[in-house]
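Shown next, in structure tokens, is the structure this report addresses.
The values are calculated or read from the model by the stated rules, or taken from the named source; none is laboratory data. Note that the structure is predicted; figures quoted are calculated from it, not measured. Here the Cβ positions follow ideal geometry from the backbone for every residue, glycine too, while neighbour counts run over all protein chains shown. The protein model used for the area step is the full one, side chains on, heavy atoms only, and it has no ligands, DNA or RNA in it. Shrake-Rupley method; radii C 1.70, N 1.55, O 1.52, S 1.80 Å.
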Amino acid sequence: MKMLPQILFWLGLLSVPFAWLVWYFGSDLEIIRPVFVNISDPALRAALQEAHAERLGIWVAIWPVSFLVLSQILEKKMPG
């Protein structure tokens, strides 16, 4: 159980570059279903893809902070 704070710490550090990559390449990602293919207007499709990338990047950018805070909390709460 002592390893859990360390695992969360390293996950937090490793998720920082992952968040940067998702932010940069996010407009090309369609993870759940290809909804942008059905949009015929290229300007609208580009705007929606960019907005989707922004939201996805913000969502992924929350991970490092969450992992690091959980690591700190668990490290203080664990006996020994």
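Structure above, values below:
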quantity	calculated
Pairs with Cβ under 7 Å, 6+ apart, first in region 3-15 and over 11 Å from MET78 (Cβ atoms), second among the aliphatic types (A, V, I, L, M) and assigned to a helix (DSSP H, G or I)	LEU8/LEU70; LEU8/LEU74; PHE9/LEU68; GLY12/LEU68
Positions within region 63-80 being open to solvent by 90 Å² or more (accessible area, probe 1.4 Å) and without any contact (Cβ under 8 Å) to a residue 24 or more places away in the chain, in sequence order	LYS76, LYS77, PRO79
Qualifying residues in region 1-50 (those that are of a type in the set (D, E, K, R) and either open to solvent by 100 Å² or more (accessible area, probe 1.4 Å) or modelled with pLDDT of 80 or more (or both)) - the one nearest to SER71 (Cα to Cα)	LYS2
